[in-house]
Amino acid sequence: MDLIERNKNLVKKFETMINTNDKELAHELVAPDALFYTPASPKPLYGGEGYLAVVDWMRKGFPDIQWHLKEMVADSKKVAVRWDMTGTHTGVFMGIKPTGKKISVCVMNFYYFNKDGKVTNDVAAEGMIGIFRGIGAIDHL
């Protein structure tokens, strides 16, 4: 299997990891020194546990949140992914009380891989505007 196909297959496993909060898959797929910046923490988070901490943060506001892989483009070192993120706002999210509203937000991520096939970085396009619009925190921008 070439590196492009390997990376695409790894992203499909990554989808399972984030939707099931699978810690074993997180350790398998994410390099321990991978660094992630997020609104979920004032300090950077590391490795698979750090990545799942971001997912857990989202689940506090949207317990049924799921990421659905819609499209990906890959090369030998990275994969660009378009996700459809869905969930229901039944918990407090960034200080906003639950509205019960359902969201469906398009988000984009670039996943970078090392030679061992582990994620070393995740660069995300900001999806917060879509989330805030979906729960009614803003009407338009």
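The values are calculated or read from the model by the stated rules, or taken from the named source; none is laboratory data. Keep in mind the model is a prediction, meaning the values are calculated, not measured. Cβ coordinates were reconstructed from backbone atoms using ideal geometry, including for glycine residues, and neighbour counts include every protein chain displayed. Ligands, DNA and RNA are excluded from the accessible area calculation, which covers all protein heavy atoms including side chains. Shrake-Rupley method; radii C 1.70, N 1.55, O 1.52, S 1.80 Å.
Quick notes on this one:
- Accessible area of the chain belonging to carbon and sulfur atoms, whole % at 1.4 Å probe: 56 percent
- When each of K60/K118; K12/K60; K12/K97; K70/K115 is checked by Cα-Cα distance, pairs over 31 Å: K12/K97
- Between the helical axis of 47-61 and the longest alpha-carbon principal axis of the chain there is an angle of about 20 degrees.
- Unit charges at the beta carbon, dipole of the chain: most positive-side option, F113, V30, W57: W57
- Its residue count N sets the reference 2.2 N^0.38 Å, and the alpha-carbon radius of gyration of region 6-61 equals 1.09 times that reference.
- Relative contact order (%) - the chain, alpha-carbon pairs under 8 angstrom, separation at least six: 21 percent
- Cβ-Cβ distance of D33 and A80, R₀ of 22 Å, FRET efficiency by 1/(1 + (r/R0)^6): the value works out to about 0.45.
- By DSSP, the beta bridges lying fully in region 1-135 are antiparallel in about 95 percent of cases.
- Solvent-accessible surface of the chain, averaged per residue with a 1.4 angstrom probe and all protein chains in place: 55 square angstrom.
- Only Lys, Arg (+1) and Asp, Glu (-1) charged, at Cβ; the chain dipole about Cα centre in debye: 280 debye
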